[in-house]
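Chemist: The structure's right below; bear with me while I get my questions together.
Nothing in this text is a laboratory measurement; each read-out follows from the coordinates by a stated rule. The model shown is predicted, which means the values in this text are computed figures rather than measured ones. Cβ coordinates were reconstructed from backbone atoms using ideal geometry, including for glycine residues, and neighbour counts include every protein chain displayed.
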Amino acid sequence: MKDLSNNVVVHKNNNGFQYLQFKKLLEFSDTLVHAYSLGIDKNYRTSLNIKNNSPELYSKAIDNYKELCKNINCTYTNLVKPNQSHTNIVKLVKSKINNDKPDFNLDEYNLTDGLITNKSNLLLVTTNADCILLLFFDPVEKVVANVHSGWKGTIQRTSVETVQKMKKEYNCKPENIICCICPSIRKCHFEVEKDVQALFENEFKQELQKANRFNEIIERKTEQKWVIDTVEINKIILQNEGIKANNILDCGICSVCNCDLIHSYRVEKESYGLETALIGLK
Ligand SMILES: [Zn+2]
């Protein structure tokens, strides 16, 4: 894998099954489990649309989830996944809803892009193909969160919403919170036109100028094209919310640059597959 940062460990078992973990979260292995999937031969698409229209793809996703859970020694039926629709809505998970199968495609998690829990044996799951997934952990209050934030979620500050909810609901102190940023599309490939650029400029100009990084993070390439560093924007707004810079662990991996190993919507188009991130308390 290209551009591998020093923040992650890549595991590969005898059957070639691969996944990535953050070194910082592995320090808390007594307390939590986590992983980010790897491999474009795997696919974690479990939406209702897939379940109804592509039952083979759905059952492949279920098999892949079972294998991933087995690899990190956790229980597949404990998975809880929001339905992800590019909102900034983050919900608390207090218990499983289904007893004998994962909580996928439930009405309770419609219009939801992030989940938080302080309960054990719940595995919070999100999926991506280029969007940013962020894993949060407060080792003091023992709270975890898993958040999907593509460019639309970033504009809506979903990551900050998560931290605010962790503070309000679980008494978390931002200075204790660890945030790990999974593989996603990066500035090298996130090219946009004026319509999207204007949304980012409008939302973040003040903060980026204050950090003296506006032209670097929203960089004009040609008359009509810009590249935007949505990962850096999340880091800046999280730090402005009180998260410590050294508690933000970015894997630094671009899904497009590494599309031989990681699903990318920009590369795969309509037949795209999804990777998954999961985190839970033991
Ligand atoms: Zn790239």
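Chemist: Which whole-Hz couplings ³J(HN,Hα) result when phi for each residue of segment 9-15 is put into the Karplus expression 6.51 cos²θ - 1.76 cosθ + 1.60, θ = phi - 60°, listed in order with x for Gly and Pro?
Modeler: Whole-Hz 3J(HN,Hα) from phi for segment 9-15: 10, 9, 9, 9, 8, 4, 7.
Chemist: If you average 1/r across every pair of different Cα atoms in segment 120-227 and take the reciprocal, what Kirkwood value do you get, in Å?
Modeler: 15.5 Å
Chemist: Short version: what are the Cα gyration tensor semi-axes of segment 83-176, square root of 5 times each eigenvalue, largest first, in whole Å?
Modeler: For segment 83-176, the ellipsoid semi-axes come out as 19, 18, 11 Å.
Chemist: Let me ask another. Can you tell me the dipole magnitude for segment 171-282 around its Cα centre, using point charges on the Cβ only (Lys, Arg +1; Asp, Glu -1), in Debye to the nearest 20?
Modeler: 300 debye
Chemist: From Cα pairs below 8 angstrom and at least 6 apart in sequence, can you work out the relative contact order of the chain, rounded to a whole percent?
Modeler: This gives 25 percent for the chain.
Chemist: Quick one: dipole size for the chain, taken about the Cα centre, charges +1 on Lys/Arg Cβ and -1 on Asp/Glu Cβ, in debye to the nearest 20.
Modeler: The calculated dipole for the chain is roughly 480 debye.
Chemist: Name the residue from 164, 224, 184 whose Cα lies farthest towards the positive end of the charge dipole of segment 157-252, charges +1 on Cβ of Lys and Arg and -1 on Cβ of Asp and Glu.
Modeler: 164
Chemist: Mind checking segment 47-107 for chymotrypsin sites (Phe, Trp or Tyr not before Pro) that DSSP puts in a loop (not H, G, I, E or B) and that have at most 12 other Cβ atoms within 10 Å?
Modeler: Within segment 47-107, no chymotrypsin sites (Phe, Trp or Tyr not before Pro) qualify (loop, at most 12 other Cβ atoms within 10 Å).
Chemist: If you place +1 on the Cβ of every Lys and Arg, -1 on the Cβ of every Asp and Glu, and leave all else neutral, what size is the dipole of segment 43-156 about its Cα centre, to the nearest 20 Debye?
Modeler: Around 140 debye, computed over segment 43-156.
Chemist: Past the 32 Å Cα-Cα mark, which pairs from 24/168; 81/221; 12/205; 152/173; 173/225; 101/152?
Modeler: 81/221; 12/205; 173/225
Chemist: Now, a different point. Viscosity 1.002 mPa s, temperature 20 °C: what is the translational diffusion coefficient of segment 17-59 from Stokes-Einstein with a Kirkwood Rh over Cα pairs, rounded to a whole number of µm²/s?
Modeler: The estimated diffusion coefficient comes to 171 µm²/s.
Chemist: What are the extents of the Cα atoms of segment 115-154 along their three principal axes, in Å, largest first?
Modeler: Sorted largest first, the three principal extents are 30, 18, 11 Å.
Chemist: Still on this structure: Using +1 at the Cβ of each Lys and Arg and -1 at the Cβ of each Asp and Glu in the chain, identify which of 17, 149, 40 lies farthest towards the dipole's positive end.
Modeler: 17
Chemist: Just from the alpha-carbon atoms, what are the Rg and Dmax of the chain in angstroms?
Modeler: Every Cα atom of the chain included, Rg and Dmax give 17.8, 55 Å.
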